[in-house]
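One structure is given below, encoded as structure tokens.
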Amino acid sequence: MSKKRTKIILIDDHKLFREGVKRILEFEPSFDVIAEGDDGNVASKLVRQHKPDVVLMDINMPKVNGVQATTDLVRKFPNTYIIILSIHDDESYVTHALKTGAQGYLLKEMDSEALIEAIKVVREGGSYIHPKVTHNLVQEYRRLAQDNAAAVMEGAVEYHKPLHLLTRRECEVLQLLADGKSNRGVAERLYISEKTVKNHVSNILQKMSVNDRTQAVVSAIRKGWVEVQS
């Protein structure tokens, strides 16, 4: 039995960028780009007409931006997953976008592997945030934590690996996630396959009772389970 194909709609006001993304996605046998638009105001109509699994949504568009369009889509079509595409890696953009209900946030500097991985993860009900963005969110969390002595006092958290919960390999993977590594980066560092990395990440999320890698890293920092460079 053939695996169900993932239907994708692409919303971005830059035609050249859309064409490049479509070209990448055409190499993935399980993906179908079924429609595209150049502004958020057409997103609802296209989703209603084509019933996609995933929408890739540009955050900056001239009439109706991606945040506004995502808010509308999440309310009207809860079974359609949204991945935000952005040039902004600032944590304020990320948190604002994710609060709308988007399941993913990718920087437009992404490579093809990250794009494909994000769609697959989100399609299965998970969340995906660009590794560089994850790193920035972690740094912002550390800054806020250090500024607020009532939350986490500087030096109050002693570093220790969570061997009571994770295997040694999972601890290594968690540390590399905190360093901002993608699945591919983790695989290259540990000399293992990306599939094995995905399995480790899945196990980590399950054991830590969190929904995505960003939550895992922030929780690990709070508990002193990873070392984060200043």
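The values are calculated or read from the model by the stated rules, or taken from the named source; none is laboratory data. Computed from a predicted model, the values in this text were never measured in an experiment. Note: areas computed on protein heavy atoms with side chains; ligands, DNA, RNA excluded. Shrake-Rupley method; radii C 1.70, N 1.55, O 1.52, S 1.80 Å.
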Just report the Cα centroid separation between region 1-44 and region 199-228, whole Å.
31
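Please compute the contact order of region 1-126 in relative form: average sequence separation of alpha-carbon pairs under 8 Å and at least six residues apart, divided by the residue count, as a percent.
On the way: 211 pairs, mean separation 27.8, N = 126.
For region 1-126, the relative contact order is 22 percent.
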Inverse of mean 1/r across different Cα pairs in the chain, Kirkwood, Å
18.5
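Can you sort Asp38, Asp89, Asp212 by solvent-accessible area, 1.4 Å probe, largest first? Mind dumping the intermediate values first?
On the way: Asp38 85, Asp89 45, Asp212 20 Å².
Of Asp38, Asp89, Asp212, the descending order of accessible area is Asp38, Asp89, Asp212.
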For region 155-217 the mean separation of alpha carbon contacts under 8 Å (6+ apart) over residue count, i.e. relative contact order in percent, is 31
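Hey, what did the chain get for relative contact order, percent, Cα under 8 Å, at least 6 apart? Could you put the intermediate results ahead of the total?
Details: 344 pairs, mean separation 31.6, N = 230.
Over the chain, the number comes to 14 percent.
My understanding is that a pair violates if its Cα-Cα distance is over 20 Å; which of Lys15/Lys181; Lys4/Lys51; Lys108/Lys181; Lys45/Lys76; Lys15/Lys63; Lys161/Lys207 do that in this structure? Don't jump to the answer; show the numbers that get you there.
Working: Lys15/Lys181 30 Å; Lys4/Lys51 14 Å; Lys108/Lys181 17 Å; Lys45/Lys76 11 Å; Lys15/Lys63 16 Å; Lys161/Lys207 14 Å.
In this structure, Lys15/Lys181 lie more than 20 Å apart at Cα.
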Rounded to the nearest 500, the 222 nm mean residue ellipticity computed for the chain from DSSP H runs (n ≥ 4, each -39500 (n - 2.57)) alone is -15000 deg cm²/dmol
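Please report the carbon-and-sulfur percent of the accessible area for region 1-106; probe 1.4 Å, protein heavy atoms only, DNA, RNA and ligands left out. Show your work: numbers first, answer last.
On the way: 2960 of 5630 Å².
On region 1-106, the fraction of accessible area on carbon and sulfur atoms equals 53 percent.
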Candidates Tyr93, Tyr191, Tyr128, ranked by Gaussian network fluctuation over the chain, Cα under 10 Å, top entry:
Tyr191
In degrees from 0 to 90, rounded to the nearest 10, what is the angle of the helix 66-76 Cα long axis to the longest principal axis of the chain?
80
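Tell me the per residue accessible area of the chain using a 1.4 Å probe; a whole number in Å² is fine. All intermediate terms of the calculation are to be shown ahead of the outcome.
Details: 12210 Å² over 230 residues.
Spelled out: the 1.4 Å probe surface of the chain, per residue, equals 53 Å².
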